[in-house]
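Reviewing the structure listed below.
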Amino acid sequence: MTSTTTIYGTGPTGSTKDEIINAVPEDDIFGVAYPLYDKTNSAKGIFRKTKGFELLKSEVRQFVKTERGERVMLPNFGLSLRRFLFEPVTDDLIINMKNEIIVGINTYLPSVKIIRLSVTSNEKVGSNGLPGMTINLVIGSKLTNQQGELSIQL
């Protein structure tokens, strides 16, 4: 049996791949901002693009808000934080949530470094008055010296 696939040329070497990956500065990469629609400024439209550190913050926000198993082709993408929401808030629960966040971000967002992480319980989150949790992160980019705060409500 003969193969019908013809391969032309050779694949790039490891050093060439590294040069290609590191050739594009982080500020030149564009992505979609999250959340997709900004309620405060409808002129920006849906699916607005962003770059640099704002893109990094959008990626972290999207990752934390995505429940594991929710993405079709990436079933392990996201965090399983909803299972913690209606549990009694103990030190062990907070530690487990922090571990889930740290392991997930280190696995799926390798360009993000977590500088500080805190998880707090709120008696009322949002307009519904339901109990929830707030995740406060200070993150930095491993590629640049930028860092910033991020607060996410569950």
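The values are calculated or read from the model by the stated rules, or taken from the named source; none is laboratory data. Everything quoted here is computed from the prediction, not taken from an experiment. Virtual Cβ from ideal backbone geometry, glycine too; neighbours counted across all protein chains shown.
In region 58-73, how many are hydroxyl-bearing (Ser, Thr, Tyr) and either modelled with pLDDT of 90 or more or part of a loop (DSSP other than H, G, I, E, B) (or both)?
Residues in region 58-73 being hydroxyl-bearing (Ser, Thr, Tyr) and either modelled with pLDDT of 90 or more or part of a loop (DSSP other than H, G, I, E, B) (or both): 1 in total.
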Taking the criterion of being among the aromatic types (Phe, Trp, Tyr) and surrounded by 12 or more Cβ atoms within 10 Å (Cβ to Cβ), would at least one residue in region 85-100 satisfy it?
no
Hey, can you tell me all the residues within region 46-91 that are without any contact (Cβ under 8 Å) to a residue 24 or more places away in the chain and among the hydroxyl-bearing types (Ser, Thr, Tyr)?
THR50, THR66, SER80, THR90
Given (1) under 22 Å from VAL32 (Cβ atoms); (2) at pLDDT 90 or above; (3) not charged (D, E, K, R), identify the lone condition not met by ASN106.
(1)
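Which ones in region 96-124 are without any contact (Cβ under 8 Å) to a residue 40 or more places away in the chain and part of a strand (DSSP E or B)?
LYS113, ILE114, ILE115, ARG116, LEU117, SER118, VAL119, THR120, SER121, ASN122, GLU123, LYS124
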